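Step one of this worksheet: look at the structure below.
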Amino acid sequence: MMFAMVPFVSFAQSAVSADVAVASVATTVMTADPGFIPGDFFYFLDKWSEKVSTVITFNKEKKARKHFEYAKERIAEIKEVLKKPEAKLADIEATRKDFDAQVADAAALAKEEKDKGKDVAKLARELDDELDASRTALKNVFREHL
């Protein structure tokens, strides 16, 4: 029954194609719809649907890309949390740590594929570009809030 609910609780946003330039990635990061945000009553559903989605994704490259999409969603969530006057530092810090964890998971998957002898140069280049854009976007979110 839980898997039947997955399509209805999936809130991850904005897939980015492999050919998108870094500037476009930065725009996508900042315009991602965060869905539920930390502090929302149903935020756990967002996180749960992401976990289910990554578990049922067996292609390592696609799974790495999903982790980056979720990392970009964390940036959008932080931006939304910071707009609230009642924002909690704990929510922001936990979301930033989740951003780091998603990036680390994507990097680990790419390394795992490389260790198996697969050519991951293109994937690594794309993820590196997205990481640079995402980190810049995250810095900009915090600068805007100051």
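The values are calculated or read from the model by the stated rules, or taken from the named source; none is laboratory data. These numbers come from a predicted model, not from an experiment. With ideal geometry, Cβ positions are generated from the backbone for all residues, glycine too; neighbour counts draw on all protein chains shown. To get the accessible areas, we keep the full protein, side chains included, count just its heavy atoms, and leave off ligands, DNA and RNA. Shrake-Rupley method; radii C 1.70, N 1.55, O 1.52, S 1.80 Å.
Miscellaneous remarks
- Computed over segment 57-146, the quotient of the alpha carbon radius of gyration and 2.2 N^0.38 Å is 1.21.
- Ordering of 128-140, 67-79 by packing [mean C-beta count within 10 Å, highest first]: 67-79, 128-140
- Per residue, the solvent-accessible area of segment 92-133 (1.4 Å probe, heavy atoms of protein chains only, all protein chains present) comes to 56 Å².
- Taking every C-alpha pair closer than 8 Å and separated by at least 6 residues, the mean separation divided by the residue count of segment 27-98 gives a relative contact order of 43 percent.
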